[in-house]
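To start, the structure itself, in structure tokens.
The values are calculated or read from the model by the stated rules, or taken from the named source; none is laboratory data. Remember, predicted model here, so these are calculated numbers, not experimental data. Cβ sites come from the backbone with ideal geometry, for glycine too, and all protein chains shown count toward neighbours. Side chains included, ligands, DNA and RNA excluded: accessible areas come from the protein's heavy atoms. Shrake-Rupley method; radii C 1.70, N 1.55, O 1.52, S 1.80 Å.
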Amino acid sequence: MSKNIFGSCPRRILSGIVQRSSSTLECPTPKSTAVPIIQNEMPDCDFEPPSYRGPSYEDIKKLRKNHLTPNILSYYKKPLLIHAGHKQWLYDHNGKRYLDMFGGIVTVSVGHCHPKVKRALEEQSKTLWHTTNIYMHPKIHEYAEKLTAKFPGDLKAVCFVNSGSEANDLAMLMARVHTGNHDILTLRNCYHGMSPYTMGLTAHSTWRFPLPGVSNGIHHVMNPDPYRGLWGGSYCRDSPVQVNRECNCVKNGPCMASDMYYKELEQTFLHSLPCGKVAGMFAESIQGVGGTVQYPRDYIKKAAALVRANGGLFISDEVQTGFGRTGEYYWGFEGHDIIPDIVTMAKGIGNGFPMAAVVTTPKIAKSLGLALHFNTYGGNPLASAVGLAVLDVIEEEKLQKNSLEVGTYYLKSLSELRDRYEIVGDVRGKGLMIGIELVNDRDTKTPLNPLHVMEIWEQCKDMGVLLGKGGLNGNIFRIKPPMCIGKDDVKFAVDVLSRAIYDFLEKQKKKKLNP
């Protein structure tokens, strides 16, 4: 499952354990000295969660410590005990309401406990929970037809699995078996899973265990990042908010940064791969765990052509960007003007239900017939019923359109914070796939100390807004809420973030004056 619980970085803070950061404590002051007022109150919600009747908060902490593996860590100094969810809202064990701007790590697509999805699951549970697909049952076939209808071209064959890691694992197998080649390319800063097989795809040192064979045949190429990379600037990104950095590109014209990164990709083919032999290349349409990183225009299209010219397949990881989240298109790859050979998806596919899928062409799918391959739970009756209902809700409630309209409004509102506060280095994304990068210095792009990021993040939580964190240095707020949020939610969330940043900067100013 593609995830990032802690903004993976060597200098991160986990469960209150502070690790050193090389960034300075000297933080720039806000451009405006006016105290930001939270003008927009938390939007009303008439939902009343049931009273919490589980173990006490302290007992839960003990149970977590004593019985869950130590990699299961918690957000916040005082972790939340979440008890109930409704649409874009979460409720803790005391009944306090929070605006969920991370959507269960980009997983809750249509809203917590959506009534139509809940009904579909309840109705299916009355007749058949599980049988596996060794027997025919109607739901998997109905779902396969409806899901593949969302894809262009010959992407009409689907294999159902249970997580994003498992989907990418299967895509690797398909690419290697179908092409007869072994080498696979991914981008630095990418995240494609944490299984022993997909760990090699993931290009974050903090998500990699020192195991032999993990990177067998996998090459990480230069990440085409217009903000932090060698090339890129104000005309390169397909986003309502551009990089605050000059470039030599022409608006709506050819992207020079894209050409430069493509030349670097060519160098990998020339020097690191067998001539004309590559199995495939993976790319997220927008990098998720890496901090909502977008690429220069046309890079993905040119990269896909190069991979295919050398005998490989292009695999689009839509685990976080699929199902209308980016707004303009149903699938993120459509924004790059390509049709991939293989598409992997998870997270929003089931609105929190554990399910995933790999979609490819019938020709490529035949490669799985060379040996036995099976998945016990993939596409089982419950999962298929949920998947069908999620597709219906996205269409009926026009959530793709909502992602575009509300997401664009959100991005432009956040860009005003970038103009107001020097520590907001970059705002980026499309639809409701949004990232905010915090820096200590605008010119050097030195990441803001994770201690300071955590201080802002904690205050947002205390004021009722839950944000994700990401990026290799843990300095990026990840905003990927349920796609049912409205502009009133955005106004409140932006007010809260603005106040938290302002309060942090004022504290730093006082510390500087009174060391």
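Residues of the range 410-447 that are closer than 22 Å to PRO36 by Cα and of a type in the set (Ser, Thr, Tyr): TYR410, SER413, SER415, TYR421.
Can you tell me which residue within the range 103-152, out of those that are more than 28 Å from ILE339 (Cα to Cα), open to solvent by 40 Å² or more (accessible area, probe 1.4 Å) and aliphatic (A, V, I, L, M), is nearest to the chain's Cα centre (by Cα)?
Filtering the range 103-152 for residues more than 28 Å from ILE339 (Cα to Cα) gives 104, 111-138.
Keeping just the survivors that are open to solvent by 40 Å² or more (accessible area, probe 1.4 Å) gives 104, 113, 115-116, 118-119, 121-123, 125-130, 133-136, 138.
Restricting the remaining residues to those that are aliphatic (A, V, I, L, M) gives 121, 128, 134, 136.
Numbers: LEU121: 26, LEU128: 33, ILE134: 33, MET136: 34 Å.
Across the range 103-152, the extreme among qualifying residues is LEU121.
Taking each residue of the range 67-85 that is more than 16 Å from TYR57 (Cβ to Cβ) and looking for partners that are assigned to a loop (DSSP other than H, G, I, E, B) with beta-carbon atoms closer than 7 Å, six or more apart or interchain, yields LEU73/ILE5; LEU73/PHE6; LEU73/SER15; GLY85/CYS113.
Among the residues of the range 116-131, which ones are closer than 18 Å to ASN351 by Cβ and touching a residue at least 12 places away in the same chain (Cβ under 8 Å)?
Our first condition is that a residue be closer than 18 Å to ASN351 by Cβ; within the range 116-131, this holds for 116-125.
Those that are closer than 18 Å to ASN351 by Cβ and touching a residue at least 12 places away in the same chain (Cβ under 8 Å): LYS116, VAL117, ARG119, ALA120, LEU121, GLU123, GLN124, SER125.
Taking the range 394-418 as the range and being surrounded by fewer than 24 Cβ atoms within 10 Å (Cβ to Cβ), touching a Cys at 6+ places or on another chain (Cβ under 9 Å) and under 23 Å from PHE160 (Cβ atoms) as the test, no residue passes.
Taking the condition open to solvent by 20 Å² or more (accessible area, probe 1.4 Å), of a type in the set (Asp, Glu) and not in a helix (DSSP H, G or I), does GLU422 pass? The answer is yes for GLU422. The condition (being open to solvent by less than 40 Å² (accessible area, probe 1.4 Å), part of a loop (DSSP other than H, G, I, E, B) and at pLDDT 95 or above) is satisfied by just one residue among PRO36, PRO55, PRO28, PRO43: PRO43. Taking the criterion of being touching a helix residue (DSSP H, G or I) at 6+ places or on another chain (Cβ under 6 Å) and either closer than 18 Å to GLY288 by Cα or not assigned by the TED database to the domain that holds LEU497 (or both), the residues of the range 391-428 that qualify are LEU391, VAL393, TYR410, VAL427. From the list PHE504, PHE492, PHE477, the lone residue that is open to solvent by less than 20 Å² (accessible area, probe 1.4 Å) and either without any contact (Cβ under 8 Å) to a residue 60 or more places away in the chain or assigned by the TED database to the domain that holds GLY322 (or both) is PHE477.
Applying the condition of being in a helix (DSSP H, G or I) and open to solvent by less than 20 Å² (accessible area, probe 1.4 Å) to the range 368-384 and asking which residue is farthest from GLY180 (Cα to Cα) yields PRO381.
Report yes if some residue within the range 316-325 is surrounded by fewer than 19 Cβ atoms within 10 Å (Cβ to Cβ) and either outside the structural domain of PRO274 (by the TED database) or not β-branched (Val, Ile, Thr) (or both); otherwise report no.
Taking the range 316-325 as the starting set, the residues that turn out to be surrounded by fewer than 19 Cβ atoms within 10 Å (Cβ to Cβ) are none.
Within the range 316-325 (the criterion being surrounded by fewer than 19 Cβ atoms within 10 Å (Cβ to Cβ) and either outside the structural domain of PRO274 (by the TED database) or not β-branched (Val, Ile, Thr) (or both)), the answer is no, since none of the residues qualifies.
From the list ASP100, ASP92, exactly one residue is farther than 21 Å from GLY435 by Cα, in contact with a His (Cβ under 9 Å, 6 or more places away or on another chain) and open to solvent by less than 20 Å² (accessible area, probe 1.4 Å). Which is it? Going through ASP100, ASP92 in turn, just one is farther than 21 Å from GLY435 by Cα, in contact with a His (Cβ under 9 Å, 6 or more places away or on another chain) and open to solvent by less than 20 Å² (accessible area, probe 1.4 Å): ASP92.
The rows are residues; the columns are (1) farther than 20 Å from GLY288 by Cα; (2) surrounded by fewer than 24 Cβ atoms within 10 Å (Cβ to Cβ).
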| site | (1), (2) |
| --- | --- |
| ASN162 | no, yes |
| ASP169 | no, yes |
| ALA175 | yes, no |
| ASN181 | yes, yes |
| MET194 | no, yes |
| MET199 | no, yes |
| TRP207 | no, yes |
| SER215 | yes, yes |
| HIS219 | no, yes |
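Name every residue in the range 150-203 that is part of a strand (DSSP E or B) and farther than 29 Å from GLY471 by Cα, in order of residue number. Spell out how you get there, then give the answer.
Step one: list which residues in the range 150-203 are part of a strand (DSSP E or B), which gives 157-161, 184-187.
Correct list: ALA157, VAL158, CYS159, PHE160.
All conditions but one from (1) at pLDDT below 95; (2) within 20 Å of the chain's Cα centre (by Cα) apply to CYS484; the one that does not is (1).
Between a first residue in the range 402-413 that is outside any helix (DSSP H, G or I) and a second residue that is open to solvent by 10 Å² or more (accessible area, probe 1.4 Å) and among the polar types (S, T, N, Q), which pairs have beta carbons less than 9 Å apart while being 6 or more apart in sequence or on different chains? The qualifying pairs do not exist here.
Can you tell me which residue within the range 62-89, out of those that are within 27 Å of LEU414 (Cα to Cα) and in contact with a Gly (Cβ under 8 Å, 6 or more places away or on another chain), is most open to solvent (accessible area, probe 1.4 Å)? Residue satisfying both the conditions and the ranking: LYS77.
For the range 440-464, give me the residue count where each residue is of a type in the set (A, V, I, L, M, F, W, C) and buried (at least 24 other Cβ atoms within 10 Å of the Cβ). Can you show your working first?
To start, the set of residues in the range 440-464 that are of a type in the set (A, V, I, L, M, F, W, C) comprises 448, 451, 453-454, 456-457, 460, 463.
Checking the rest, the ones that are also buried (at least 24 other Cβ atoms within 10 Å of the Cβ) come to 448, 453, 457.
Number of matching residues: 3.
Determine the pairs where a residue that is closer than 22 Å to THR107 by Cα and open to solvent by 30 Å² or more (accessible area, probe 1.4 Å), located within the range 353-365, has a partner that is small (Gly, Ala, Ser) and modelled with pLDDT of 95 or more with Cβ atoms under 9 Å apart, the partner being 6 or more residues away or on another chain. As it stands, the answer is PHE353/ALA383; PHE353/GLY387; PRO354/SER163; PRO354/ALA346; PRO354/ALA383, since those pairs meet every condition given. Taking the range 204-225 as the region of interest, how many residues are farther than 20 Å from LEU306 by Cβ, within 22 Å of the chain's Cα centre (by Cα) and part of a loop (DSSP other than H, G, I, E, B)? The number of residues fulfilling the criteria is 3. Contact map, the range 285-312: residues that are under 29 Å from PHE102 (Cα atoms) paired with residues that are acidic (Asp, Glu) and crowded, with 24+ Cβ neighbours inside 10 Å, Cβ distance under 6 Å, separation 6+ or inter-chain. Pairs shown: VAL293/ASP225. I'm trying to understand the selection: among the residues of the range 291-305, which are open to solvent by less than 10 Å² (accessible area, probe 1.4 Å) and closer than 22 Å to GLY217 by Cα? ILE300, ALA303, ALA304, listed by residue number. In the range 93-115, the residues that are within 17 Å of SER51 (Cα to Cα) reach residues that are of a type in the set (Phe, Trp, Tyr) with C-beta atoms within less than 6 angstrom, at least six apart or across chains, in these pairs: HIS93/TYR52; ARG97/TRP89; ARG97/TYR91.
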